[in-house]
Amino acid sequence: MQSVTLFGAPRPCPSDPIQAPRTGSSWVARGLRKTLILGLFASLSAAQGVWAADGQPASSGTPAPAGAPATPTVPVGPPITAVRVTTSMGAFVVELNAERAPLTVQNFLRYVNEGFYTNTLFHRVVGNFVVQGGGYDATSLKLKPTHEYVFNESGNGLQNKRGSVGMARSGPPHSANSQFYVNLADNSELDPLATRWGYAVFGQVIEGMDVVEKMGVIATGSLGPFKSEAPLKPIQIVKVEPLTSATAVAAPPAAVSPPPPPSSGEGATPPPQ
C-alpha cells in the first residue's frame, strides 16, 4: 500500500466511509485529516497497477474471495505472544493480541515464521500519523508475493491509539495481507463506525517506541517507485523474530546500516498517487 515532504500533504481517507454532515472549520479540518488516511493504503498500490493488499498469492494468481479469512498454519509449540522487529534504526517489540484478533495474529505470524519480513522496508512515513511497511523488498523495491487476504477484525474493540499496530489495506474491507503500520498518534478515524469498516489493530508496541518515533521524523520524499512519503534514507526491516511468554525481552540489537537504494530506474513503475 502506496516524493514530497510529509508536511502539508492531505491525508487520503478510506474509500467507504459514510459520515454525518459537518459544517464550518471543524468539517474542513476533519476532511483534511480523513484525506490523509487513504495515503496509508494508497501506498499499498502495486507497481503493476493493483493494490498490494489486493495481493499476489504466493501459490496461485487468483486471490481468495473478498472476505474469506486466511487459515495459515502456525507451527505447534509455546505460544508466540510478541515479536521483535529489528530495523536499520533499531528494534522494537510488539505484543500480539491473539484473543481479540486471532485471525490477524495468525496471518501475521504466518509471514513471520516464513521469514517474509526479512529485508523488507518501512516504505512510508507520515509524521504524527503512521509508519508503514512489510510489503516491499529492500533491494529491488518491488512488492513481494503474498498469501490470501485476511478477514477484517477491526470490530474487536482494539483502537488505533499511539503505539498500536494494525493491518494496512486498500479500499475493500477484507484486503489486508502482509503490510502493517504503527500509529504515531491516536488515530480514531481508523477505527470502525456503524456505517463502515475500520482498520484492524492486532498488537501494541511495548518496548522501543522511541525507535518508532525516530522513524516518524525522518526526512521523506520521492524514492524509486514511491512518489511521496518514502524515507530518503531507507528504513530496512532486518528481521522479525517471534517471542514466547518464556522469552526474555533482551535489550534491542544495535541498528544495522541499510543497503544502498537502487538507482531510480530500477524496480517497478511508480504507483498511482
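The values are calculated or read from the model by the stated rules, or taken from the named source; none is laboratory data. In this text, all values refer to a predicted model and were calculated from it rather than measured experimentally. Using ideal geometry, Cβ is built from the backbone for each residue, glycine included, and neighbour counts are taken over all protein chains shown.
Every test in (1) under 26 Å from residue 114 (Cα atoms); (2) surrounded by fewer than 22 Cβ atoms within 10 Å (Cβ to Cβ); (3) modelled with pLDDT of 95 or more; (4) not polar (S, T, N, Q) is passed by residue 202 save one, and that test is (2).
Based on what the data block shows, is residue 236 within 23 Å of residue 101 (Cα to Cα) and at pLDDT 95 or above? Spelling it out, it is not the case that residue 236 is within 23 Å of residue 101 (Cα to Cα) and at pLDDT 95 or above. Can residue 242 be described as under 23 Å from residue 162 (Cα atoms) and at pLDDT 50 or above? Against the criterion (under 23 Å from residue 162 (Cα atoms) and at pLDDT 50 or above), residue 242 qualifies.
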